[in-house]
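Down below is the structure, laid out as structure tokens.
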Amino acid sequence: MMKVVPESSAGKWAVGLTSASIVSLVIFFLFETMGFILLVTILLELAAIVLSIKALRKERTILVYCALIFGVVVILFLLTHSLFIQD
């Protein structure tokens, strides 16, 4: 059976950065005028993706997989969201 919580530091950081990016996404959608929050979210998710891939080499846990999948989806969404905004 697969574990839920990561034990490695890379896995814990990946899950923590993904949680922080979820908070920054909520802030971004509440106050859409703050563009720097979008940049912070993208940087957090890029770091979380890199750490998730690093953590998956040592351990395979559910939260690390979720962090990786969520990170890829968020990056794709934010990039396409910013490309197709019409003011």
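The values are calculated or read from the model by the stated rules, or taken from the named source; none is laboratory data. All figures in this text were calculated on a predicted structure; none of them were measured in a lab. Note: ideal-geometry Cβ built from the backbone for every residue, glycine included; neighbour counts use all protein chains shown. Just so you know, the surface numbers come from the protein's heavy atoms only, side chains and all, with ligands and any DNA or RNA stripped out. Shrake-Rupley method; radii C 1.70, N 1.55, O 1.52, S 1.80 Å.
Descriptive notes on the structure:
- Filter result for the condition that a residue is open to solvent by 40 Å² or more (accessible area, probe 1.4 Å) and touching a helix residue (DSSP H, G or I) at 6+ places or on another chain (Cβ under 8 Å), over Ser9, Ser19, Ser82: Ser82
- Of all residues making up segment 1-29, the number that are in a loop (DSSP other than H, G, I, E, B) and at pLDDT below 85: 2
- Evaluating Glu32 against the criteria (1) farther than 13 Å from Thr18 by Cα; (2) in a helix (DSSP H, G or I) leaves one unmet condition, (2).
- When segment 44-64 is filtered for residues that are part of a helix (DSSP H, G or I), more than 11 Å from the chain's Cα centre (by Cα) and surrounded by fewer than 16 Cβ atoms within 10 Å (Cβ to Cβ), the ones remaining, listed by number, are Ile53, Arg57, Lys58, Ile62.
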